[in-house]
Amino acid sequence: MAKCIISEGKTTAEAIEKGLKEIGLPKELVEIKVLDENKKSFFDILAPKVVKVEIKEKEAKKPEEFEIETTEEELEQAKIRVDNFLKEFIKKLPIEAEYKIEIKEKCLYIYINGSDVGNLIGYRGEALYSLENILKSIANKESENKVILRLDVGNYKEKRVKTLEELAIKKAKIVEKTGKLITLEPMQAYERKIIHNVLQQNPIVETRSIGQEPKRRIVISKK
């Protein structure tokens, strides 16, 4: 359920600022409505001005769910297309790198490793996810059903899992202690899933995702 609060201030800006701090969300993820803006008249000049605003969390649209029925033939054909692309792609890199493609659990897994693959990962995995999206497009180019593809470079995702697990535990402890909700930075869907999984058994806090891709993020709050 979307969170909604009423905030007050001497000015609209002050009321909004206070409300955003209370709800713990950035401005782009909420709807703001001015409810009451008492203007002073000559007869109540000594009365304090009060502005009330309603700040409501925007509800994300849920994507349509569908059953994935990718056939083995489609996976094999997708693997060939991705393999042909990666052969040329790796040749043009200014570094020594190698790749491996595996079909597991009706999914294409691609691993790229080398002595200096940092540029293929980028800041917070940005380059990695961009390359992953390109490979997804190639894999699905002639496939009737959706082909699921996962890319990892230099074991970045494996290391990222540990970082996110530690982050989830650390932030949960802060929420438990202060009672205030915490909004994490935008994350990829698989990263958000890690946070949810780590904290789903926590008896004190709960998690939910808010916002739209690619700025969708997790909120950790007390139950």
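The values are calculated or read from the model by the stated rules, or taken from the named source; none is laboratory data. Please read these numbers as outputs of a predicted model, since none were measured by experiment. Quick reminder, even Gly has a Cβ in these numbers, built from the backbone with ideal geometry, and neighbours come from all protein chains shown.
With modelled with pLDDT of 90 or more, in contact with a helix residue (DSSP H, G or I) (Cβ under 9 Å, 6 or more places away or on another chain), of a type outside the set (D, E) and under 22 Å from P26 (Cα atoms) as the only criterion, which of K193, K171 stands out?
Values: K193 fails: in contact with a helix residue (DSSP H, G or I) (Cβ under 9 Å, 6 or more places away or on another chain).
Of the residues listed, the single one that is modelled with pLDDT of 90 or more, in contact with a helix residue (DSSP H, G or I) (Cβ under 9 Å, 6 or more places away or on another chain), of a type outside the set (D, E) and under 22 Å from P26 (Cα atoms) is K171.
May I ask you to verify whether I101 is modelled with pLDDT under 95, outside the structural domain of N197 (by TED's automatic domain parsing), surrounded by 16 or more Cβ atoms within 10 Å (Cβ to Cβ) and touching a Leu at 6+ places or on another chain (Cβ under 9 Å)?
No; evaluated as a whole, the condition is false for this residue.
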